[in-house]
Amino acid sequence: MEYLLRMENIEKSFPGVRALKDVSLAIRPGEVHALIGENGAGKSTLMKILSGVYKKDGGRIFWMDEEVEIGSTARATELGISIIYQELNQLPNLSVAENIFIGRERSRMGFMLDHKRTVEEAQRFVREVGLDVDVREKCSRLSIAQRQMVEVAKALSVNAKLIIMDEPTSSLTDRETEILMGLIRKLRDSGVSIVFISHKLNEIFEISDCISVLRDGAYVGTVPTRECTNDMLIQMMVGRELKDIFPKQEVPIGDVVLSVQNLNAGKAVQNVSFQVRSGEILGFAGLVGAGRSETMRAVFGVDRAESGEIEISGRKLPARHAPIDSIHAGMGFVPEDRKLQGLILGMAVRENTTMASMKRTLVHGMVNRRRENEITREYVDRLNIRTPDVEQKVVNLSGGNQQKVVIAKWLATGPKVLILDEPTRGIDVGAKKEIHTLMGELTRQGVAVVMISSELPEVLGMSDRVIVMHEGRVCGEFARGEATQEKIMETILTSEEGKEKHEN
């Protein structure tokens, strides 16, 4: 058996969109096969067909040299195919153990749930991925990084022959990524095949044996990893050379727009102060759990601040302000989790784009559909959102285009300050450049931008200043010319050492 899996001439269409056009893919046993392409290239659609979520419109699938029809997720699991989605596919109010074994519950005598066995087996898989949590804890109480590792543990528990990993490291720290890479190598050595989807080319080169590229729903080619270069892959993905991933524009820095003083919100936000000026991009760096996202949620009013002062253009927000107060003052907030916090998936692109700027769509107190369409089409064109029309439900868009809709929603409010929490997570290199270019355009218009990113090259490449956080506190600040990856990591480690000495 030369190939574990062969997908030949796969076709798939959705209303107004031909998602896959004559796509083929072949995976060998014990191979890490990277699948890359821009958002909307068809990667997720192809994998959802393989995992039984979608039914193909045409083509053939061969599993261990036998033609098969994968009409359901249960059939895919039965064959030995498991998928870890980029967007977490969990029931947050169930425990870690229950999420790992959902649909495959451990039982006694064939009908009674065996809670003890469920906990013991779940704990074993959780330890295998290097996650230190009580499996009886609800998933809702875990961080995004921890929940991602639970998904990896769930995939391992199926004992699959083929595991699809869709952006599995997008929420992981460097240490957690190292653990995952070690697991992938272990699985490969044991004969398990991995389809590895990532926009981080350094990871692709580190872990894969070969790379297949899709572009605009079509198959471009497959090449051995050892014969590839960054430039070669980028040209295959976008059909052109792509330079200057971080196109930082130099613009005049103006007056202070957002001022945060002595902000406190639980252990995650402790006495945080900072300012950001008109035309400036202020980057926030730190490890997962540093309190960056929690700080911005408190600034925007999503989470209740215990104390502190927040001013926008000299206007002080109420002590216990809500998001509506921030919006009226001129603040926008693109959250870390676009599907859970940024979009209403069942609504159209039009509705999602205009929901934060309803006043612009009102005529005599009534929502004017023509005005809604005008505003939405303006941002669809401006942000190059790939959608057949403004009435398309956002759930049917690719992850990158969903992210652009979230950004469009806040741009439509005409913000003075825009907070971007992980704005390019899970975004391909082409879309990243588009968003980075947009950030430059906003600063040229005088908007103050706050950016949180777990990718240090992005923070360094786009920021005018960098604030470093560790365990809820600001532990350092650097000007653009001073900041380096080494200095940022040294600041974090020094802060940790100081904390330990203080505690001892």
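The values are calculated or read from the model by the stated rules, or taken from the named source; none is laboratory data. The structure presented is a predicted model; accordingly, all values stated were derived computationally and were not measured. Positions of Cβ are backbone-derived with ideal geometry, glycine not excepted, and every protein chain shown enters the neighbour counts. Keep in mind that these areas ignore ligands, DNA and RNA; they rest on the heavy atoms of the full protein, side chains included. Shrake-Rupley method; radii C 1.70, N 1.55, O 1.52, S 1.80 Å.
Tabulated data
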| quantity | calculated |
| --- | --- |
| Filtered residue count, segment 1-15, keeping only those that are touching a Ser or Thr at 6+ places or on another chain (Cβ under 9 Å) and either buried (at least 17 other Cβ atoms within 10 Å of the Cβ) or not in a strand (DSSP E or B) (or both) | 6 |
| Conditions (1) open to solvent by less than 10 Å² (accessible area, probe 1.4 Å); (2) of a type outside the set (Lys, Arg); (3) within 13 Å of Ile281 (Cα to Cα); (4) in a helix (DSSP H, G or I); number of the one not met by Leu420 | (4) |
| Conditions (1) surrounded by 14 or more Cβ atoms within 10 Å (Cβ to Cβ); (2) under 24 Å from Arg386 (Cα atoms); number of the one not met by Met358 | (1) |
| Selection from segment 28-79 of residues that are hydrophobic (A, V, I, L, M, F, W, C) and farther than 18 Å from Ala160 by Cα | Leu35, Ile36, Ala41, Leu46 |
| Residue selected from segment 393-409 under the condition buried (at least 22 other Cβ atoms within 10 Å of the Cβ) and outside any helix (DSSP H, G or I), by the criterion modelled with the lowest pLDDT | Ser398 |
| Criterion (more than 30 Å from Arg104 (Cα to Cα), charged (D, E, K, R) and either open to solvent by 40 Å² or more (accessible area, probe 1.4 Å) or touching a residue at least 40 places away in the same chain (Cβ under 8 Å) (or both)) met by exactly one of Arg18, Arg60 | Arg18 |
| Residue among Ser190, Ser157, Ser170 that is open to solvent by less than 70 Å² (accessible area, probe 1.4 Å), of a type in the set (Ser, Thr, Tyr) and at pLDDT 80 or above | Ser157 |
| Residues of segment 288-322 classified as in a loop (DSSP other than H, G, I, E, B), open to solvent by 60 Å² or more (accessible area, probe 1.4 Å) and touching a strand residue (DSSP E or B) at 6+ places or on another chain (Cβ under 7 Å), total | 2 |
| Residue within segment 127-138 that is open to solvent by less than 20 Å² (accessible area, probe 1.4 Å) and outside any loop (DSSP other than H, G, I, E, B) present | no |
| Residues of segment 204-216 satisfying the condition of being open to solvent by less than 10 Å² (accessible area, probe 1.4 Å) and assigned to a helix (DSSP H, G or I) | Ile204, Ile207 |
| In segment 271-287, the residues that are modelled with pLDDT of 95 or more, under 17 Å from Glu477 (Cα atoms) and open to solvent by less than 50 Å² (accessible area, probe 1.4 Å) | Val272, Ser273, Phe274, Val276, Glu280, Ile281, Leu282, Gly283, Phe284 |
| Boolean, Glu98 is crowded, with 18+ Cβ neighbours inside 10 Å, free of Cβ contacts under 8 Å to residues at least 24 places away in the same chain and of a type in the set (Asp, Glu) | yes |
| Residue list for segment 440-468, restricted to those being aliphatic (A, V, I, L, M), more than 15 Å from Val257 (Cβ to Cβ) and either out of contact with any strand residue (DSSP E or B) (no Cβ under 6 Å at 6 or more places or on another chain) or not in a strand (DSSP E or B) (or both) | Leu456, Val459, Leu460, Met462 |
| Hits in segment 64-73 (condition: within 31 Å of the chain's Cα centre (by Cα) and open to solvent by less than 30 Å² (accessible area, probe 1.4 Å)) | Ile70 |
| Residue check, Ile211 in contact with a Ser or Thr (Cβ under 8 Å, 6 or more places away or on another chain), at pLDDT 90 or above, of a type in the set (Val, Ile, Thr) and closer than 21 Å to Glu458 by Cβ | no |
| Some residue of segment 106-123 being within 23 Å of Val192 (Cβ to Cβ), in a helix (DSSP H, G or I), open to solvent by 20 Å² or more (accessible area, probe 1.4 Å) and basic (Lys, Arg) | no |
